[in-house]
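Asker: Here it is: the structure, laid out below.
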Amino acid sequence: ISPNNVGEQVQYEITGIDPGAGLMTATAKAMKDYNLKDWKLKEGSSAAMTAELQKAYEQKQPIIVTGWTPHWMFAKYKLKYLKDPKESFGKSESIHTIVRKGFKEDNPNAYKILDSFYWNPTDMEEVMVDIQNGAKPEEAAKKWVVHHPDIVKKWTQGVQKGNGQKVSLVYVAWESEIASTNVIGSVLKNQGYNVTLKQVEAGPMFAGVANGSADAMVAAWFPTTHKDYLNTYKNQLVDLGPNLKGTKLGLVVPEYMPINSISDLEN
Ligand SMILES: C[SH](C)CC(=O)O
């Protein structure tokens, strides 16, 4: 594949994820910034994107996907981010924990645990890889909790146990958030709460916490990726700050592709 006909090789298509993802908004911005006028961004889901990536990778075919870190794809495949000299994808960010207004008063001890929830990209990747290798999210989460009592203790020490109070968590089916939501859900369950995890699209996730129909989410990518949702619901959400630092968003390709920058795609 020579650099100048990568577009033809991938039918001028970037394989994206769910339309509500901030990554898709950032990719649309990048396509404008880099004047990718003949290119189109294919919407779908994170699961569909990773399935297409796997198929192309196994056949050493060209593919360009919307990718992010932390993600198991970097553990499984030899991939690279295309350089983004115009910084259309922003800088490294944090994933924040958000709770509904009133949650602290209604459930102070579950609030304390959610407020203390903090782990590293390598911790999240450990759970993501387990799930990718076939473990059920709940099982992978339980296993991580058992293997990392020292980290979990930081979230729960000195916090009074619950006695069956309900805690409802919402998340979007991004591999990173499936991992984090199941881990914090498992910890809350062990602490005596009746936890429900609800998978929704990105818009309904923010709306659910804002209107109080859900208690919390650990899936807000700030300051850039989810800024539109933050602006829409700003004073209806309680931002407890980062539960993970050091994310990255961008266009990702297998290392066998001859391109290295988004500007190589300009036609
Ligand atoms: C796909 S990232 C986990 C989040 C987002 O892009 O909205």
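Asker: Yes or no: segment 71-85 includes at least one residue that is outside the structural domain of A202 (by TED's automatic domain parsing) and small (G, A, S).
Answerer: We begin by selecting, within segment 71-85, every residue outside the structural domain of A202 (by TED's automatic domain parsing); these are 71-85.
Those left that are additionally small (G, A, S): 75.
Yes - at least one qualifying residue is present in segment 71-85.
Asker: Which residues, counting only those in segment 16-44, are outside any loop (DSSP other than H, G, I, E, B), open to solvent by 10 Å² or more (accessible area, probe 1.4 Å) and more than 10 Å from the ligand (Cβ to nearest atom)?
Answerer: A28, K29, M31, K32, D33, K40, L41, K42
Asker: Mind listing just one residue for me: the one in segment 244-267 that is touching a Ser or Thr at 6+ places or on another chain (Cβ under 8 Å) and open to solvent by 40 Å² or more (accessible area, probe 1.4 Å) and, of those, farthest from the ligand (Cβ to nearest atom)?
Answerer: P258
Asker: A follow-up question, please. Regarding I184, is this residue outside the structural domain of L114 (by TED's automatic domain parsing) and either aliphatic (A, V, I, L, M) or surrounded by 15 or more Cβ atoms within 10 Å (Cβ to Cβ) (or both)?
Answerer: Values: outside the structural domain of L114 (by TED's automatic domain parsing): no; either aliphatic (A, V, I, L, M) or surrounded by 15 or more Cβ atoms within 10 Å (Cβ to Cβ) (or both): yes.
When the stated conditions are applied, I184 does not pass them.
Asker: Scan segment 73-93 for residues that are within 24 Å of L114 (Cα to Cα) and either modelled with pLDDT under 95 or surrounded by 17 or more Cβ atoms within 10 Å (Cβ to Cβ) (or both) and jot them down.
Answerer: Looking only at segment 73-93, we keep the residues that are within 24 Å of L114 (Cα to Cα), and these are 92-93.
Matches in segment 73-93: E93 only.
Asker: List the number of the failed condition for Y81; all other conditions in (1) of a type in the set (S, T, Y); (2) within 16 Å of the ligand (Cβ to nearest atom); (3) touching a helix residue (DSSP H, G or I) at 6+ places or on another chain (Cβ under 8 Å) hold.
Answerer: Status for Y81: all satisfied but (3).
Asker: If you take the residues in segment 215-243 that are of a type in the set (F, W, Y) and outside any strand (DSSP E or B), which one is farthest from the ligand (Cβ to nearest atom)? Reasoning before the result, please.
Answerer: Within segment 215-243, the subset of a type in the set (F, W, Y) is 221-222, 229, 233.
Restricting the remaining residues to those that are outside any strand (DSSP E or B) gives 229, 233.
On the way: Y229: 9, Y233: 15 Å.
Across segment 215-243, the extreme among qualifying residues is Y233.
Asker: Which one of the conditions (1) among the hydrophobic types (A, V, I, L, M, F, W, C); (2) free of Cβ contacts under 8 Å to residues at least 40 places away in the same chain; (3) surrounded by fewer than 21 Cβ atoms within 10 Å (Cβ to Cβ) does M49 fail to meet, given that it meets all the rest?
Answerer: Here M49 clears every test but (3).
Asker: Just for helices (runs of 4 or more DSSP H) wholly inside segment 120-191: which have at least 3 residues that are touching a residue at least 60 places away in the same chain (Cβ under 8 Å) and within 16 Å of the ligand (Cβ to nearest atom)? Break it down stepwise before answering.
Answerer: Numbers: elements: 121-132, 137-147, 149-156, 175-190.
The qualifying helices (runs of 4 or more DSSP H) are 121-132, 175-190.
Asker: Just to be sure I understand, how many residues within segment 95-113 are under 20 Å from F222 (Cβ atoms) and either outside the structural domain of N211 (by TED's automatic domain parsing) or not in a helix (DSSP H, G or I) (or both)?
Answerer: The qualifying residues number 7.
Asker: Residue by residue through segment 222-267, note down the ones that are small (G, A, S) and farther than 20 Å from K29 by Cα. Give the steps one after another, and end with the answer.
Answerer: So in segment 222-267, the residues small (G, A, S) come out as 241, 246, 250, 261, 263.
Hits for segment 222-267 are G241, G246.
Asker: Checking G212 against (1) assigned to a helix (DSSP H, G or I); (2) at positive phi, only one condition comes out false. Which one?
Answerer: It is condition (1) that G212 fails.
The values are calculated or read from the model by the stated rules, or taken from the named source; none is laboratory data. Treat the numbers as computed from the prediction; the structure is a model and nothing was measured. A quick note on method: Cβ atoms are made from the backbone with ideal geometry, for glycine too, and the neighbour counts reach across all protein chains shown. Note: accessible area is taken over every heavy atom of the protein model, side chains too, but ligands, DNA and RNA are not part of it. Shrake-Rupley method; radii C 1.70, N 1.55, O 1.52, S 1.80 Å.
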